[in-house]
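FYI, it's all coordinate maths here, none of it is from the lab. Owing to the predicted nature of the structure, the values given are computational and were not obtained by experimental measurement. Reconstructed Cβ throughout: ideal geometry from the backbone, glycine too, with neighbour counts over all protein chains shown.
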Amino acid sequence: MTLDQLYALIGPDMKAVDAVIRDRLHSDVVLVRQVAEYIINSGGKRMRPALVLLAAGAIGYQGTQHHDMAAVVEFIHTATLLHDDVVDESALRRGRDTANAMFGNAASVLVGDFLYSRAFQMMVAVDDMRVMRVLSDATNIIAEGEVLQLMNCHDADVDEARYMQVIHYKTAKLFEAAAQLGAILGQASPEVEQAMAAYGMHLGTAFQLIDDVLDYSGDEADTGKHLGDDLAEGKPTLPLIYVMQHGTPDQAACVRKAIENGGREDFPAVMGAIRESGALEHARMRAKREAELARDAISCLGASNYQKALLQLSFFAVERNH
């Protein structure tokens with residue numbers, strides 16, 4: 001199933017979210033508008049806002065506040081992308097020049113700040129302390145995850161547990177918050193709310209693990225980013241950690257050198273080690289297990305088209321090629 005087919009159920013809602021995004025991107029400062037619109041309109045999957053809508057639908061929510069909350073989640077995500085690309089010195093995202101490549105690092109960082117602060121303005125307007133607590137906690141944990149990832153760069157001694165902590169903080173937390181928000185808006189019971197949060201956390205973890213796989217196996221035309229970007233930045237992701245723990249001594253030494261030095265010189269040799277050691281299969285299996293846990297988490301939901309779409313989304317997260 002394609003993402004478009006998955007989103008067919010929430011098509012009108014996604015249009016409403018897009019309208020909110022366009023409206024709330026407005027600023028009298030021209031450069032703010034230019035950079036924000038550039039990144040927002042660059043063709044992302046919009047999985048996090050879709051998750052808010054699907055979760056709210058699965059609970060039976062009837063209002064319109066989920067459109068605002070979906071936009072808030074997308075703004076927070078977009079702000080992290082702007083800052084991420086500056087930190088990583090990335091030049092390509094979603095097949096286009098990154099905002100920092102187009103407008104410079106200073107503009108990217110400052111417009112990221114604008115998107116964070118605009119998200120908090122919209123949060124306050126909902127006037128619900130639980131909504132604010134979930135989103136403010138998530139934003140803080142994401143920032144901690146960014147710093148953790150920075151600390152792990154060029155550190156070849158990062159183990160699987162430390163790496164999974166980065167994933168949970170940096171990526172899975174916003175998925176968790178998105179799903180939990182839908183449940184809060186739908187006034188779900190505490191048990192169902194926690195089930196939705198667990199679904200989001202496991203889904204986000206699976207999603208990031210597949211991103212790690214695609215960095216060594218994807219097609220650049222599909223992924224919209226350069227293969228080996230993680231290696232060039234010295235990021236010890238799961239496939240690399242697996243090679244160091246389970247590969248031959250020569251393979252482990254090759255990967256260790258690549259992580260510690262960064263760059264792309266060792267990319268062909270590292271690719272060989274990853275393929276020969278079964279590292280990608282291991283990472284895919286971990287992702288599939290997380291997707292299973294996501295599906296198990298929402299077994300308490302009543303059957304509906306929204307619940308079915310949430311189940312399908314967990315399959316898409318691990319079977320995608322971009």
>> How tilted is helix 129-152 with respect to the longest principal axis of the chain? Cα atoms for both, answer in degrees (0 to 90, nearest 10).
In response: 10 degrees
> Once the convex hull of the C-alpha atoms of the chain is built, how many Å³ does it hold per residue, rounded to a whole number?
Replying inline: 117 Å³
> With point charges of +1 on the Cβ of Lys and Arg and -1 on the Cβ of Asp and Glu, referenced to the Cα centre of region 9-53, which listed residue (29, 49, 39) lies farthest in the positive direction of the dipole?
Replying inline: 49
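Neighbouring Cβ atoms within 10 Å as the yardstick, rank 254, 153 fewest first.
Ascending Cβ contact count within 10 Å gives the list 153, 254.
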>> If the elastic network links every pair of Cα atoms under 10 Å, which of 245, 165, 208 fluctuates the most in the Gaussian network model of the chain?
In response: 245
> Hey, if you put +1 on the Cβ of every Lys and Arg and -1 on every Asp and Glu Cβ in the chain, which of 177, 109, 274 ends up farthest toward the positive end of that dipole?
Replying inline: 177
> Taking 0.36 nm per intervening residue step and subtracting the Cα-Cα distance, what contour gain separates residue 125 from residue 194 on full extension?
Replying inline: 22.4 nm
> Counting Lys +1, Arg +1, Asp -1, Glu -1, what net charge surrounds residue 233 among other residues with beta carbon under 10 Å of its beta carbon?
Replying inline: -3
> What's the local net charge at residue 140, with K and R +1, D and E -1, over the other residues with C-beta under 13 Å away?
Replying inline: 0
>> Just to confirm the number: angle between the C-alpha axis of helix 279-297 and the first principal axis of the chain, 0 to 90 degrees, nearest 10?
In response: 20 degrees
> List the trypsin sites (Lys or Arg not before Pro) in region 7-110 that DSSP assigns to loop (not H, G, I, E or B) and whose Cβ has at most 16 other Cβ atoms within 10 Å. Which are they?
Replying inline: 45, 94
>> Show me the ranking of peptides 137-143, 255-261 by mean Cβ neighbours inside 10 Å, starting with the highest.
In response: 255-261, 137-143
>> For residue 15, give me every one of the aspartates and glutamates with a C-alpha distance below 18 angstrom, ignoring sequence neighbours fewer than eight places off in its own chain.
In response: 4, 23, 37, 68, 74
>> I want to verify a result. In a Gaussian network model of the chain, Cα cutoff 10 Å, which of these has the top mean-square fluctuation: 70, 178, 273?
In response: 273
> Alpha carbon centre of region 238-267 versus region 19-87: separation in Å?
Replying inline: 37 Å
>> As an exercise, use a Förster radius of 30 Å and the Cβ-Cβ distance of residue 154 and residue 97 to find the FRET efficiency, rounded to the nearest 0.05.
In response: 0.70
>> To test your reading of the geometry: what angle, between 0 and 90 degrees and rounded to tens, separates the Cα axis of helix 190-217 from the longest principal axis of the chain?
In response: 40 degrees
> If you put +1 on each Lys and Arg Cβ and -1 on each Asp and Glu Cβ, how big is the dipole of the chain around its Cα centre, in Debye rounded to 20?
Replying inline: 720 debye
> region 1-107: which GluC sites (Glu not before Pro) are DSSP loop and have at most 14 other beta-carbon atoms within 10 angstrom?
Replying inline: 89
>> Can you return the lysines within cross-link range of residue 235? Criterion is Cα-Cα under 22 Å, with same-chain partners fewer than 8 residues away left out.
In response: 170, 173, 225, 257
>> At 222 nm, what value in deg cm²/dmol follows for the chain if DSSP H runs of at least 4 each add -39500 (n - 2.57) and the sum is divided by all its residues, to the nearest 500?
In response: -24000 deg cm²/dmol
> Given R₀ = 35 Å, FRET efficiency for residue 161-residue 30 by Cβ-Cβ distance, to 0.05?
Replying inline: 0.15
> Working out 0.36 nm times the residue gap between residue 321 and residue 300, then minus their Cα-Cα distance, what length gain in nm do you get to one decimal?
Replying inline: 4.5 nm
> Where Lys and Arg each count +1 and Asp and Glu each count -1, what net charge lies around residue 177 among other residues with Cβ under 9 Å from its Cβ?
Replying inline: 0
